[in-house]
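Encoded as structure tokens, the structure appears first; notes follow it.
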Amino acid sequence: MRFQRFGAATGAARRRAGLTAWAAAVTVAALLGVGNARAADLPAAVIAVLDYEFVLRGSVAARDIRRQVEQFQAAYREEASRDEQRLRAEEAELKRQRTVLSPEAFEKKRQKFERRVIAAQRRAQDRKRRLDRSFKTAMAEVQRGVIPIVKQLTQEMGFNLVVDKSQVLFATKALDVTDRVVAELNRRLPSVAVPKPE
């Protein structure tokens, strides 16, 4: 008796599952039909490919930005080198004084030295953070320059979809507009001043 009830329950469960699957299939078919009807109203995709990373690396303005950033970095390296030499000299002097100072006096000087080391590290981190901010500000100007060029090419060449090359598995060279974008960007934006890191 229990076996029959179990079987009956299983049969009912199967019927419910079958109805649910059928309802889902009808819903999906209806949605696909609606999707196809809407897709028919859309224009055909005319695709162009853009190597955006190359544009941001290879344009004249981007290369000039990197050159300016490298100049700031060189100046910062000199400052860091001076800090390091000064701290090494202080450390050597502190080690020399260890034998002549009382433990309390030595501990006081050691703590003072550690505070100077931490301050130098913070200065270096702060310089890097400020330089990163200046770099991003300058590169944002290059990025803003790309969009109007792509829009103009869209009107001139008739494509209506631009895909980043990093997202494309394969595309013929004829679809690639990178060189044209870089050439126009170089003409419109030959240089960008990197703001002084502050």
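The values are calculated or read from the model by the stated rules, or taken from the named source; none is laboratory data. Owing to the predicted nature of the structure, the values given are computational and were not obtained by experimental measurement. So basically every Cβ, Gly included, is an ideal-geometry build from the backbone, and we count neighbours across all protein chains shown.
What pairs come out if I take residues in segment 85-99 that are assigned by TED's automatic domain parsing to the domain that holds residue 115 and outside any helix (DSSP H, G or I) and pair them with residues that are hydrophobic (A, V, I, L, M, F, W, C) and surrounded by 11 or more Cβ atoms within 10 Å (Cβ to Cβ) whose C-beta lies under 7 Å away, six or more apart or interchain?
98/106
Which of the numbered conditions does residue 43 fail, given that it passes all the others? Conditions: (1) under 30 Å from residue 168 (Cβ atoms); (2) part of a helix (DSSP H, G or I).
Of everything listed in (1) under 30 Å from residue 168 (Cβ atoms); (2) part of a helix (DSSP H, G or I), residue 43 misses just condition (2).
Going by the structure shown, is residue 123 under 30 Å from residue 191 (Cβ atoms), at pLDDT below 95 and surrounded by 11 or more Cβ atoms within 10 Å (Cβ to Cβ)?
Against the criterion (under 30 Å from residue 191 (Cβ atoms), at pLDDT below 95 and surrounded by 11 or more Cβ atoms within 10 Å (Cβ to Cβ)), residue 123 qualifies.
Going by what's in this entry, would residue 143 be described as among the polar types (S, T, N, Q), in the same structural domain as residue 182 (by TED's automatic domain parsing) and over 26 Å from residue 163 (Cα atoms)?
Here the answer is no, as residue 143 does not meet what is asked.
In segment 140-158, how many residues are of a type outside the set (A, V, I, L, M, F, W, C) and under 19 Å from residue 60 (Cβ atoms)?
Residues that pass the stated criteria total 6.
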